[in-house]
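The values are calculated or read from the model by the stated rules, or taken from the named source; none is laboratory data. Quantities reported herein were computed from a predicted structural model and do not represent experimental measurements. Don't worry about glycine lacking a Cβ; one is built from the backbone with ideal geometry, like all the others, and counts go over all protein chains shown.
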């Protein structure tokens, strides 16, 4: 455990262990990079697989993933879908959380339970019924257009219970004094929400935004069945198309996987603390 | 939070259960209707000519790639230019027949079906039962246009797609399995490259020779565990796979007939070959491994569809840009410019007793009933155009689909540059194999053919990949398929 | 507070809640109702054929049928492969990285980095290792995608890797809450490192471990992309988890079976949730 500063010998031992573990964790990533740098058919026809890229090394897989693999379009679709979902989820969650935390209204308890119970109905469970519904209203069809596809990809995720309760928890942490002071200052409910509650709970809301981003961007199952034409593939779906579909473009597929992970990796590096707080919100509180 | 949530969600579930079970829904009286032709839809021939402007015909397909696809689009474009009343638009609605079928059935809900769908050979019974198809024979009957009747349509093709005297699809993309083999390896093993094995027993003998010569080290015969190959062998000797005369005696099939000798013999072939190390069995879910096995000379004989002829001929000649050929949906992973270092031959598909026979494979084009009269008649007009000999010649020459009209094959053979080419010779071999098909016994009609295929593939895989006893594997598949048949017949209300 | 103010507050509350409630009604409760409905009615294969009541017996037939039970069993196997290993590796990494060393932040970042990979990404990543044609480990028999006995394991391994970042982060956060004085006291009492770990550390971080177990179980139920991208459900359906099966049952005539199985999946999720609630209650006791 994090105890006394270890002696030099012990420290070296730990560095060796930690480095070894790092290598193991990163090894699959290295393999992906190595395969992205190898010609697709060289990978396919290699008699014994190698941990190194097959020569001649091809550096252009990352750009070809865009030019030949058409990765740009799915990235845009994913970006737009993620943006809509995150913005909507944050807005709806802040509103609902505020109502649950500070307002009194009839049937409050029942409404809260109804919201919480949706956690028992993840999209995987409701998948086939939801797809059916969206088919009937024409959002999911082989001839779906841009608007229909974006609608199908985002509508079920415009609100989400986890965020509501996470932010409500944050609101409940606001000291009573602060509330009373705000009331004395003549803040309306919405004024209090905007000027006090949201700014004070910014860390919580920030964590939620990151989590929402992560889950919206990384989704697979719902887009897989709500998008019926390649034209509106998200990045994650595009990976499937790359997959092994096009063998002399194997390297592009692996490059695409790296590219797909980059936005989240950047977020992770920049907002490490907030992200970790969000991820651990349920575990350690 | 815990308790109330628990109780409430339980209550919710109960309410939902109650509501759903009482809730009406448009229940039907449940009388099953047969497929007698008294109430077949009528064909509104030429209705589009009275419509104002151009009528749009959307065609869905899920199986044409590379040159096949290009040929189809070229013919559709030429049709669009040839007149000013109809526009045909071909859409790829899936990379596989399964995906196409899913989209088709889902479109049935929303009632937004295409005007034409290119369904797999296995769809026939489903299309008959679905109530979505306008039978071509209804149009042929009333249309005075001489192009409507194809007197030289191969009887085996017509028979395969005719149910109770009604021919359902109007156009075809026909293929048949063939044997691709490595002529160089045959010669090296002391086999005659000009005499490919004609029966499964001869395949085994050839495999033994190849193995003795240390050729085809992964197993001299590579075979995808595709039930199509089983069905061909069984149909070829006049045996059934389902009851009620393969579902063709006016009643739908209700059970499998896997205890007949032909089915057993075919499965025994798989088991024996595997046991002797002569079979390189590839899972049916794989798309490319069997081609690869031949390319890398791990195997020297391959059962595959004749539709791959153009492709393989191109690889052999080393002059195909495969990437362009295959588009982004199919997957043969031989790099561009790759030339196989051996000679390839094509033989008629070996049967249990004799080569050839079997049943019609590929796809067939159906006109749907949900469009307006103008759309239905326009779709029929396009099929008539497509069926003309010159377009059929194009369809074969540019793709690998086999001619379905004798006149088309004659015209092709009259052109020495085609008939002498590798593709021409191979297509002719496959065509001759197909001509041996028995029009009086055109293969099974199965409603849930998709389930049938899936279960038989499982049986094949468990025999060849897991070493399961063929009898046990067949029993499992048989009971599952029989249940599916029952369910299918029950749900066709 | 006057009555008018009350009414205004009610209106405001419902206005704020309305968007969420609409979404929940349409995409959580309506589908629950529809699942029940679809499970009780068989849809016709004929155009405009409508539906026919088949009742709870038909639902039961599905839920006691081989396909559902087999899918459930494969799902459970997937959980057995992913949950304990995921937790153990998370603890291992966290124990290794929870110490005062120069540059420890770098290692912590590396260990948490797989958080950035989605299921689809990690599946593609693992193709480089386990794919039967190009994988580095394609000849390792216990990872082989060619055998029904090992294919699920290969798919599970990619999930374990993908979840490493999350498990590491959560265990590390829990370890950081363990008071050092407590460990020192145990040390003075003559507890060795192993005993210290099992007697002191594990009980203190057990809520986090339980939470992790729940999260991983839920992820396991939701496993889809790794199956589709790595094994395609095969060989011989040996990797067709429950969800994977359900997604293949979307054709009209399959809806009755698909909806019944979805309700079965709902039941299983519900069980997990019950355990989770129990846990939360217990943790409250801990806290006091």
In the stretch A:29-42, residues that are within 14 Å of chain B (Cβ to nearest Cβ) and more than 17 Å from residue A:239 (Cβ to Cβ) total 4
By residue number, the members of the stretch C:256-267 that are more than 7 Å from chain A (Cβ to nearest Cβ) and in contact (Cβ under 8 Å) with a residue 60 or more places away in the chain are C:256, C:257, C:260, C:261, C:263, C:264
Reported set for the stretch C:169-199 where residues are part of a helix (DSSP H, G or I), farther than 30 Å from residue A:27 by Cβ and at the interface with chain A (Cβ under 9 Å from one of its Cβ atoms) is C:180, C:183, C:184, C:187, C:196
Every listed condition ((1) part of a helix (DSSP H, G or I); (2) at the interface with chain C (Cβ under 9 Å from one of its Cβ atoms); (3) more than 30 Å from residue C:21 (Cα to Cα)) holds for residue A:65 save (2)
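I'm trying to understand the selection: among the residues of the stretch B:201-223, which are surrounded by fewer than 23 Cβ atoms within 10 Å (Cβ to Cβ) and either under 18 Å from residue B:282 (Cα atoms) or not assigned by TED's automatic domain parsing to the domain that holds residue B:474 (or both)? Don't jump to the end; show me each part of the working.
Narrowing the stretch B:201-223 to residues surrounded by fewer than 23 Cβ atoms within 10 Å (Cβ to Cβ): B:201-202, B:204-205, B:208-209, B:211-215, B:217-218.
Hits for the stretch B:201-223 are B:204, B:217, B:218.
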For residue B:84, the lone unmet condition from (1) more than 16 Å from the chain's Cα centre (by Cα); (2) part of a loop (DSSP other than H, G, I, E, B); (3) in contact (Cβ under 8 Å) with a residue 40 or more places away in the chain is (3)
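I'd like to verify a number: residues in the stretch C:115-128 that are closer than 20 Å to residue C:167 by Cβ, part of a helix (DSSP H, G or I) and at the interface with chain A (Cβ under 7 Å from one of its Cβ atoms), how many?
If we filter the stretch C:115-128 for residues that are closer than 20 Å to residue C:167 by Cβ, which is where we start, we get C:115-123, C:125-126.
Next cut, part of a helix (DSSP H, G or I) only: C:115-116, C:119-123, C:125-126.
Going one step further and asking which of them are at the interface with chain A (Cβ under 7 Å from one of its Cβ atoms), we end up with C:115-116, C:119-121, C:125-126.
Looking only at that region, the number is 7.
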Counting only helices (runs of 4 or more DSSP H) entirely within the stretch B:418-493, those with at least 1 residues that are without any contact (Cβ under 8 Å) to a residue 12 or more places away in the chain, within 14 Å of another protein chain (Cβ to nearest Cβ) and closer than 16 Å to residue B:231 by Cβ are B:449-466
Residue B:139 passes all but one of the listed conditions (1) in a helix (DSSP H, G or I); (2) surrounded by fewer than 24 Cβ atoms within 10 Å (Cβ to Cβ); (3) more than 14 Å from chain C (Cβ to nearest Cβ); the exception is number (2)
Quick count over the stretch A:175-191, residues being buried (at least 16 other Cβ atoms within 10 Å of the Cβ) and either without any contact (Cβ under 8 Å) to a residue 40 or more places away in the chain or more than 20 Å from residue C:12 (Cβ to Cβ) (or both), is 2
- Item | Selection status of residue C:56, more than 7 Å from every other protein chain (Cβ to nearest Cβ), surrounded by 17 or more Cβ atoms within 10 Å (Cβ to Cβ), out of contact with any strand residue (DSSP E or B) (no Cβ under 9 Å at 6 or more places or on another chain) and more than 30 Å from residue A:24 (Cβ to Cβ) | no
Kindly indicate whether residue A:161 is surrounded by 20 or more Cβ atoms within 10 Å (Cβ to Cβ), in contact with a helix residue (DSSP H, G or I) (Cβ under 9 Å, 6 or more places away or on another chain) and either without any contact (Cβ under 8 Å) to a residue 60 or more places away in the chain or farther than 28 Å from residue C:264 by Cβ (or both).
yes
Note on the stretch A:142-154: residues within 14 Å of chain C (Cβ to nearest Cβ) and touching a helix residue (DSSP H, G or I) at 6+ places or on another chain (Cβ under 7 Å) are A:142, A:152, A:153, A:154
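Report the residue count in the stretch A:221-242 for those that are free of Cβ contacts under 8 Å to residues at least 60 places away in the same chain and either buried (at least 23 other Cβ atoms within 10 Å of the Cβ) or more than 11 Å from every other protein chain (Cβ to nearest Cβ) (or both).
Restricting attention to the stretch A:221-242, the residues satisfying the condition of being free of Cβ contacts under 8 Å to residues at least 60 places away in the same chain are A:224, A:230, A:239-241.
Next, from what is left, pick out any that are either buried (at least 23 other Cβ atoms within 10 Å of the Cβ) or more than 11 Å from every other protein chain (Cβ to nearest Cβ) (or both): A:239.
Number of matching residues: 1.
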Exactly one of B:126, B:186 is within 14 Å of chain C (Cβ to nearest Cβ) and in contact (Cβ under 8 Å) with a residue 24 or more places away in the chain, and that residue is B:126
Of the listed residues (C:79, C:32, C:18), the one being facing chain A (nearest Cβ under 8 Å), part of a helix (DSSP H, G or I) and either in contact (Cβ under 8 Å) with a residue 60 or more places away in the chain or more than 24 Å from the chain's Cα centre (by Cα) (or both) is C:32
Exactly one of C:139, C:149 is at the interface with chain A (Cβ under 9 Å from one of its Cβ atoms), out of contact with any helix residue (DSSP H, G or I) (no Cβ under 6 Å at 6 or more places or on another chain) and surrounded by fewer than 24 Cβ atoms within 10 Å (Cβ to Cβ), and that residue is C:139
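Between C:156, C:213, C:259, C:208, which is closer than 29 Å to residue A:253 by Cα, surrounded by 19 or more Cβ atoms within 10 Å (Cβ to Cβ) and either at pLDDT below 85 or touching a helix residue (DSSP H, G or I) at 6+ places or on another chain (Cβ under 8 Å) (or both)? Show your work before the answer.
Numbers: C:213 fails: closer than 29 Å to residue A:253 by Cα; C:259 fails: closer than 29 Å to residue A:253 by Cα; C:208 fails: closer than 29 Å to residue A:253 by Cα.
Answer to the check: C:156.
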When residue C:97 is run through (1) in contact with a helix residue (DSSP H, G or I) (Cβ under 6 Å, 6 or more places away or on another chain); (2) surrounded by 21 or more Cβ atoms within 10 Å (Cβ to Cβ); (3) within 30 Å of residue C:237 (Cβ to Cβ), the failure sits at (3)
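Going through A:47, A:7 one at a time, which residue ends up being more than 10 Å from every other protein chain (Cβ to nearest Cβ) and either at pLDDT below 90 or surrounded by 19 or more Cβ atoms within 10 Å (Cβ to Cβ) (or both)? Talk me through it step by step, then tell me what you get.
On the way: A:47 fails: more than 10 Å from every other protein chain (Cβ to nearest Cβ).
So the residue among A:47, A:7 that is more than 10 Å from every other protein chain (Cβ to nearest Cβ) and either at pLDDT below 90 or surrounded by 19 or more Cβ atoms within 10 Å (Cβ to Cβ) (or both) is A:7.
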Quiz item: Being within 20 Å of residue A:51 (Cα to Cα), buried (at least 17 other Cβ atoms within 10 Å of the Cβ) and at the interface with chain A (Cβ under 8 Å from one of its Cβ atoms), is that true of even one residue in the stretch C:160-168?
Solution: yes
Across the stretch C:224-239, the tally of residues that are more than 9 Å from chain A (Cβ to nearest Cβ), in contact with a helix residue (DSSP H, G or I) (Cβ under 6 Å, 6 or more places away or on another chain), closer than 23 Å to residue A:218 by Cβ and outside any helix (DSSP H, G or I) stands at 2
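Let's see how each residue does on (1) more than 7 Å from chain C (Cβ to nearest Cβ); (2) surrounded by 21 or more Cβ atoms within 10 Å (Cβ to Cβ); (3) touching a strand residue (DSSP E or B) at 6+ places or on another chain (Cβ under 6 Å); (4) in a helix (DSSP H, G or I):
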site	(1), (2), (3), (4)
A:95	no, yes, no, yes
A:104	no, no, no, no
A:117	yes, yes, no, yes
A:140	yes, yes, no, no
For residue A:53, are the conditions met, namely being outside any helix (DSSP H, G or I) and either more than 10 Å from every other protein chain (Cβ to nearest Cβ) or closer than 20 Å to residue A:208 by Cβ (or both)? yes
